[in-house]
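Chemist: Here it is, the structure in full.
Only the coordinates and a few stated rules stand behind these numbers; no lab work does. Keep in mind that what you see is a predicted model, and the values were worked out from it rather than measured. Don't worry about glycine lacking a Cβ; one is built from the backbone with ideal geometry, like all the others, and counts go over all protein chains shown.
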Amino acid sequence: MKMTVINKELRVGSIRITAISSSSVLLIGDTRVINSSSIYDTPAESLLTTPLVPLSPGTAS
Amino acid sequence: MKRHVLVDNVYIINISNSSACICGESGHIDAYTRALAVQRQVPVFFEDEGNYEDYSIFSRFIPGWQLPSEVELDIINEYKTIHVECLDVTATASSSVVQLGSNDTMELESRVKAIRHFITDAPQELKDYVGVIVRQSP
């Protein structure tokens with residue numbers, strides 16, 4: 001498939017953003033490939049009710 | 001030929017957690033972040049706690065697009081400049097990118113595991129404590 005894009009004049013007054021997070025992109029310009037992924041996990045077993053014991057130590061510290 | 005970018009004013013307060021702010025052109029951006037977000041009933045945390053290998057979210061495969069695309073793209077830039085007068089960003093986090101300028105490829109990945117931890121034997125003064133306590137591991 002062939003596709004032709006003609007970019008005309010682009011002029012923006014102001015951009016106001018509160019937050020950009022989790023693999024998001026604000027790009028003022030051109031690009032070719034963006035591969036963006038974000039996974040977020042809050043399953044039932046992530047709710048713990050235990051005495052005050054820390055998580056097991058390791059790579060996250 | 002890619003377009004030029006002209007931005008008159010930029011205000012950014014915070015850039016964190018594998019995020020980037022780039023003024024100008026770039027070839028490839030690779031940003032990766034992983035995080036354990038622990039909310040505890042009492043605000044006590046230990047210096048070396050948390051092990052990413054304990055949770056499958058940090059190792060599982062994320063499917064992506066198959067490249068190259070079959071689309072044959074022809075881009076004609078009649079104007080050579082993108083003009084923005086003012087850009088105001090409060091915060092960026094978790095492998096995000098703010099770029100003023102052109103890019104070729106980007107790979108962004110963030111993995112976050114949220115844990116809510118209720119404490120069964122917490123003394124009342126800890127439950128009422130306002131602030132964060134970081135301790136050495138027991």
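Chemist: Can you tell me which residue in the range B:34-69 is nearest to residue A:28 (Cα to Cα), limited to those that are of a type in the set (D, E, K, R) and more than 7 Å from every other protein chain (Cβ to nearest Cβ)?
Modeler: Restricting attention to the range B:34-69, the residues satisfying the condition of being of a type in the set (D, E, K, R) are B:34, B:40, B:47-49, B:53-54, B:60.
With more than 7 Å from every other protein chain (Cβ to nearest Cβ) added as a condition, the list becomes B:34, B:40, B:60.
Values: B:34: 26, B:40: 40, B:60: 32 Å.
Only one residue tops the list, namely B:34.
Chemist: Moving on. Do you know which residues across the range B:28-68 are basic (Lys, Arg) and in contact (Cβ under 8 Å) with a residue 12 or more places away in the chain?
Modeler: Of all residues in the range B:28-68, those basic (Lys, Arg) come to B:34, B:40, B:60.
Within the range B:28-68, B:34, B:40 meet the criteria.
Chemist: Quickly run through the range B:87-106 and pick out the residues that are of a type outside the set (Asp, Glu) and in contact with a Gly (Cβ under 6 Å, 6 or more places away or on another chain).
Modeler: In the first step, residues of the range B:87-106 are kept if they are of a type outside the set (Asp, Glu); the result is B:87, B:89-103, B:105-106.
The answer is B:101, B:102.
Chemist: Within the range B:82-98, can one find any residue that is part of a strand (DSSP E or B), at the interface with chain A (Cβ under 7 Å from one of its Cβ atoms), of a type in the set (A, V, I, L, M, F, W, C) and closer than 14 Å to residue A:36 by Cβ?
Modeler: Checked against the condition, which is being part of a strand (DSSP E or B), at the interface with chain A (Cβ under 7 Å from one of its Cβ atoms), of a type in the set (A, V, I, L, M, F, W, C) and closer than 14 Å to residue A:36 by Cβ, the range B:82-98 yields at least one hit.
Chemist: Specify the residue that is surrounded by the most Cβ atoms within 10 Å (Cβ to Cβ); the eligible residues are those in the range B:70-81 that are part of a loop (DSSP other than H, G, I, E, B) and at the interface with another protein chain (Cβ under 7 Å from one of its Cβ atoms).
Modeler: B:79
Let's see how each residue does on (1) surrounded by fewer than 16 Cβ atoms within 10 Å (Cβ to Cβ); (2) under 20 Å from residue B:33 (Cα atoms); (3) out of contact with any helix residue (DSSP H, G or I) (no Cβ under 8 Å at 6 or more places or on another chain):
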position	(1), (2), (3)
A:9	yes, no, yes
A:19	yes, yes, yes
A:25	no, yes, yes
A:34	no, yes, yes
A:37	yes, yes, yes
A:57	yes, yes, yes
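Chemist: Which residues, counting only those in the range B:24-33, are assigned to a strand (DSSP E or B) and within 8 Å of chain A (Cβ to nearest Cβ)? Working first, answer last.
Modeler: Filtering the range B:24-33 down to residues assigned to a strand (DSSP E or B) leaves B:28-33.
If the condition is that a residue be assigned to a strand (DSSP E or B) and within 8 Å of chain A (Cβ to nearest Cβ), then B:31 is the only one that fits.
Chemist: Within the range B:73-83, is there a residue that is charged (D, E, K, R) and closer than 15 Å to residue A:28 by Cα?
Modeler: Applying the first criterion (charged (D, E, K, R)) to the range B:73-83 yields B:74, B:78, B:80.
Subset that is closer than 15 Å to residue A:28 by Cα: B:80.
So far as the range B:73-83 goes, yes, one or more of its residues are charged (D, E, K, R) and closer than 15 Å to residue A:28 by Cα.
Chemist: Pairs please, first residue from the range B:96-122 and under 10 Å from residue A:23 (Cα atoms), second anywhere and of a type in the set (Asp, Glu), Cβ atoms under 6 Å, 6+ apart in sequence or on different chains.
Modeler: Close Cβ pairs (under 6 Å, with a partner that is of a type in the set (Asp, Glu)) amount to B:107/B:30.
Chemist: If you go through the range A:11-61, how many residues are farther than 23 Å from residue B:20 by Cβ, more than 17 Å from the chain's Cα centre (by Cα) and not hydroxyl-bearing (Ser, Thr, Tyr)?
Modeler: Final tally of qualifying residues: 14.
Chemist: Okay, moving on. In the range B:1-34, what residues are within 17 Å of residue B:92 (Cβ to Cβ) and among the hydrophobic types (A, V, I, L, M, F, W, C)?
Modeler: Within the range B:1-34, B:7, B:10, B:12, B:13, B:15, B:20, B:21, B:22, B:23, B:29, B:31 qualify.
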